[in-house]
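Peer 1: Got a structure here, written out as structure tokens. Questions coming.
The values are calculated or read from the model by the stated rules, or taken from the named source; none is laboratory data. Values in this document were obtained by computation on a predicted structure and should not be read as measured data. As a convention, Cβ positions derive from the backbone with ideal geometry for all residues, glycine included, and neighbour counts pool all protein chains shown.
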Amino acid sequence: MPRTSSRVGVAVTALALALTPLATPAAAAPRPDRIALETGSLPEGIAAGPGRTFFVGARSDGDIYVGDVREDTVTRLVDETTPGAAAVGMFYDRRSGLLWVAGGGPASRGLGTVTAYDGSQEVFSTTIPGARFLNDLVVTRDAVYVTDSFDDALVVIPLDRTGRPDGPAESLSLTGEYVQPAGFGANGIRALPGGDLVLVSGGVLYAVDRSTGAAEVIEVSGRPLRGGDGLELRGRTLYVVNGYGGDEVVVLRLSGDGESARTLRVIAERRPDQLDRPTTAALVAGSLYVVNGRFSVAGPTTENFVTRLPKR
């Protein structure tokens, strides 16, 4: 069963205002193409916050950081003290002001958790029995949907009208055309304008009915996906982050009915100082910001960073 807290945290909107200068210089400095994160934090998820802010989670210890893309600043927002905690997928809900975080793998609290923060304060956390790798999540009008990369089902947390948790977590089986890969499966997830969900699993895009779990393959033309981790969606433009099939972000245009997509372009960068096993992306202040997992060199002395890429 979920456990909730009545602690009222510092509102993220207030935090964003604190990070924002009162006046903007007439000739503002250009935004950096690379924003440094704490050494050894081993980032995984990124989420767009209010204004020009973003959040990044650490898979090393579950800490949460907040940054400003114009000021080139990153500060620790949540100092997680639970041993073995990990912050993986993230999504900021502007309606409620809550930052939702999925914790991946048995090394995190229990067998996988979903946590919500109001500013720096944890206000909700639920441990999902049997979860193996809670990876990414998206917040809709009435629920939070979470992928488990080793299970053909989504975790669903009901929400009330204000976007607050409203009942115990449920399970929604993925059916229809969905095929669970032998290894790592369901990963990035977003909500389509028409109401369905879109998720990537094993290099395949699926449109999922969020009421029934029935999935249909989204046919991709122009260039087949070779993998896929985090997703970011703006209108009908879908950004697929791929750090395993190549250090790249594939930009797709979804059809109006959501049944197909065509490749618009591929943003690739072979230099490890720019893209190094990217995991997730967020659109912030008109640019695409990608967090780099750097899995091949991950350790306590690893330099971690977020890369700014052109949106188009």
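Peer 1: In the range 55-65, how many residues are surrounded by 24 or more Cβ atoms within 10 Å (Cβ to Cβ) and more than 17 Å from VAL290 (Cβ to Cβ)?
Peer 2: So the count comes out to 1.
Peer 1: Which residue, of ALA215, ALA282, is modelled with pLDDT of 95 or more, farther than 27 Å from PHE305 by Cα, part of a strand (DSSP E or B) and small (Gly, Ala, Ser)?
Peer 2: The match here is ALA215.
Peer 1: Which one of VAL88, VAL101, VAL56, VAL74 is touching a strand residue (DSSP E or B) at 6+ places or on another chain (Cβ under 9 Å) and outside any strand (DSSP E or B)?
Peer 2: On the way: VAL101 fails: outside any strand (DSSP E or B); VAL56 fails: outside any strand (DSSP E or B); VAL74 fails: outside any strand (DSSP E or B).
Unique residue meeting the criteria: VAL88.
Peer 1: Quick one: GLY167 ticks every box in (1) in contact with a strand residue (DSSP E or B) (Cβ under 7 Å, 6 or more places away or on another chain); (2) closer than 19 Å to GLY202 by Cβ; (3) part of a loop (DSSP other than H, G, I, E, B) except a single one, so which number is it?
Peer 2: Among (1) in contact with a strand residue (DSSP E or B) (Cβ under 7 Å, 6 or more places away or on another chain); (2) closer than 19 Å to GLY202 by Cβ; (3) part of a loop (DSSP other than H, G, I, E, B), the lone unmet condition for GLY167 is (2).
Peer 1: I'd like the full set of residues that are loosely packed, with under 14 Cβ neighbours inside 10 Å, within 20 Å of the chain's Cα centre (by Cα) and on the phi > 0 side of the Ramachandran plot, limited to the range 161-199.
Peer 2: The answer is GLY195, and nothing else.
Peer 1: For the structure I just gave you, tell me whether ARG109 is within 29 Å of ARG210 (Cβ to Cβ), part of a loop (DSSP other than H, G, I, E, B) and at pLDDT 90 or above. Lay out the reasoning, then the answer.
Peer 2: Numbers: within 29 Å of ARG210 (Cβ to Cβ): yes; part of a loop (DSSP other than H, G, I, E, B): yes; at pLDDT 90 or above: no.
Spelling it out, it is not the case that ARG109 is within 29 Å of ARG210 (Cβ to Cβ), part of a loop (DSSP other than H, G, I, E, B) and at pLDDT 90 or above.
Peer 1: When the range 109-152 is examined, which residues are found to be surrounded by fewer than 20 Cβ atoms within 10 Å (Cβ to Cβ), among the hydrophobic types (A, V, I, L, M, F, W, C) and closer than 18 Å to TYR206 by Cβ?
Peer 2: The one that is surrounded by fewer than 20 Cβ atoms within 10 Å (Cβ to Cβ), among the hydrophobic types (A, V, I, L, M, F, W, C) and closer than 18 Å to TYR206 by Cβ: PHE150.
Peer 1: Answer yes or no as to whether VAL291 is farther than 19 Å from GLY203 by Cβ, part of a strand (DSSP E or B), β-branched (Val, Ile, Thr) and modelled with pLDDT of 95 or more.
Peer 2: Yes.
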